[in-house]
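FYI, it's all coordinate maths here, none of it is from the lab. In this text, all values refer to a predicted model and were calculated from it rather than measured experimentally. In this analysis, Cβ positions are derived from the backbone assuming ideal geometry, glycine residues included, and neighbour counts consider all displayed protein chains.
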Amino acid sequence: MKYTAILLLIALFTCSSLQASPLDYLFQDLDFSDEHLTSSHELLTSSHELLTSSHELLIGQISNSAYDEARATAKKLVSEVSDSDLDSLILAKVLANSAIIELNWDLEEAINIVNQAIDLTEIINPFHKDLFGMLLIRAFAEEKLGDHTSTTDTLRRAQHISHRHDGVYTRDQLPIIKSLALINEDRGRLESADREQRFRLKISEQAYGVNAEELIPTLEELGIYFAKRGYSIPGILGQTDMNRIKLFRFSFKMYERAIAIIEDKYGPNDLRLVSPLKGLSKAKFLLGSAKTNSRSAMERATEIISNNPTTDTPDFARAIIDLADIYTMTQDSRAYETYQHAWVLLSEKPEYEQLRYDAFAKPKWLHHDDFRPVLKRQPVGIDESTELFVEVEFDVLENGSVKNVEIIESNVPNDKKKSFRDSVRRIKYRPRLVDGNPRVTEGLSLYQTFVVHRPEPTVETTSETGPET
């Protein structure tokens, strides 16, 4: 049971769209001394020591991932503090801690517990600073229950409290803004998601400085986001979608700023440049009209890795493979010789054999055009509980292209079958290698599930202050 609880907590922290951990809002330093009594009666020394001991036990159990024991201790501590004359804020914090633990078992009960904490704190001050963490605990539970509307409302309120205490550009709201952006993206409210991401950049710049090294992770994340957003808008042959171009340009700008910060601080050959250079390469590839620049950025990243004295053979081989993959995706004839180079490197020692096998034993999916497996309505005659799918079989050629695509089985409308088959034809693979030479791989299969789009209300959600930058 303990192992299950740990897995549940990990799932809460990694699968949620909320960009923080509930444990970030654990009230660890609680004072059970007489100064927090609500009456003139002194708290017995033994009672004070008992409460302090229980709280320290709880924190230790959480630190050691003993969540079953922590749940029991948290409930016991709530009961003990409720029976004391300690002020309501202490009880509210104890309740909030209990709610964090309860997230692992019963989300509805976690909301009930943290709502008690919120109610007690609001009586003291409806904008009390401690409400910030309590509200985020509730948002975790609401989000896991799939209640996007309540999650958004709760996050908005927490954001408002952070503004009142620390100003509009407080960095405390960064996890909230990232979460709101993801929620808007998941719900198809893409322009609102874009505004949240730009506001996130503004806050990060205010917090760290426009040229600060601490800004680099945010710049790279925004580079990924805006490249993905640009790619989600279909590029139509012979036409220019200015919004698509604008999104890609913003992505490029983010990567280029990260590169400039690193170059200014560490020089033009520092290994820290590899990550934003690879990101820039992939973003330019996705644009479609910047494939030459895509190759240039990846070539520079590979050269930096090659020239660095700390680079070992496996790392260099991986960089060579990444470069060959870009060559494959951009139909550059140098892909073949570049894959061969990596094969030779990974053939130097027996301990590299597993790496070589993982890289080349079978075709690796590199890229395909953006395909949306979404139906506007449930197909006639198919029950809503039935999985909707298309299964295809195909071959991968020596150059990574897909040929001979055949539909094996499907229960979606014919137009979706055809669209998916055409999409599969555009997939690019890293080819399988035998003795360093690319080989045709026949009879690969791909199983794609579909969902039916059921529109949500169209009310958009955007931060209180979300300026364009």
Segment Asn293-Ser53, extension gain: residue separation times 0.36 nm, minus the distance between their alpha carbons: 80.2 nm
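Fewest Cβ neighbours within 10 Å first, please rank Lys416, Lys93, Lys228 accordingly.
Lys228, Lys416, Lys93
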Positive-end extreme of charge dipole, the chain - chosen from His165, Met242, Ser445 (charges on Cβ): Met242
Residues His148, His453, His55, sorted so that the one with the fewest Cβ neighbours within 10 Å comes first: His453, His148, His55
Nearest-20 debye value, the stretch 374-452 charge dipole, Cβ charges on Lys, Arg, Asp, Glu: 460
Overall dimensions of the stretch 194-254 by Cα: Rg and Dmax, Å: 13.1, 43
Longest to shortest principal axis, alpha-carbon extents of the stretch 124-265, angstrom: 61, 38, 20
Ellipsoid equivalent to the stretch 146-213 - semi-axes via the Cα gyration tensor, in Å: 22, 16, 8
Contact order normalised by residue count of the chain, Cα under 8 Å, 6+ apart, percent: 11
Distance between modelled label sites at Arg334 and Ile407, nm, 7 Å Cα→Cβ extension: 4.1
Helical contribution to [θ] at 222 nm, DSSP H n ≥ 4, -39,500 (n - 2.57), averaged over the chain, rounded to 500: -19000 deg cm²/dmol
Furthest towards positive pole of dipole, Asn97, Asn308, Ala110, structure part the chain, Cβ charges: Asn308
Mean Cα-pair separation over length for the stretch 209-311, i.e. relative contact order, pairs under 8 Å, 6 or more apart, %: 27
Set of the stretch 378-394 residues, backbone N closer than 17 Å to the point 7 Å along the Cα-Cβ line of Trp365: 388-394
Listed values [x] 49, 27, 24; [y] 35, 27, 24; [z] 50, 26, 19, entry calculated as semi-axes √(5λ) of the Cα gyration tensor in Å: [x]
Rg [Å, one decimal], Dmax [Å, integer] - the stretch 209-311, C-alpha atoms: 14.3, 47
Cα lying deepest toward the dipole's positive end in the chain, options Ser82, Tyr336, Ala193, charges on Cβ: Tyr336
Along principal axes, Cα extents of the stretch 374-452, largest first, whole Å: 50, 18, 16
Cα gyration tensor shape of the stretch 117-178, rounded if a/c is under 1.5, else prolate or oblate by comparing a/b with b/c: oblate
Simple Cβ-charge dipole of the stretch 209-311, Lys/Arg +1 and Asp/Glu -1, about Cα centre, in debye nearest 20: 500
Dipole magnitude of the stretch 137-215, debye to nearest 20 (Cβ charges: Lys/Arg +1, Asp/Glu -1, about Cα centre): 220
Chain lengthening between Arg426 and Ser385 when straightened (0.36 nm per residue, less Cα-Cα): 11.7 nm
Radius ratio Rg over Rh of the stretch 238-278, counting only Cα atoms, Kirkwood formula for Rh: 1.18
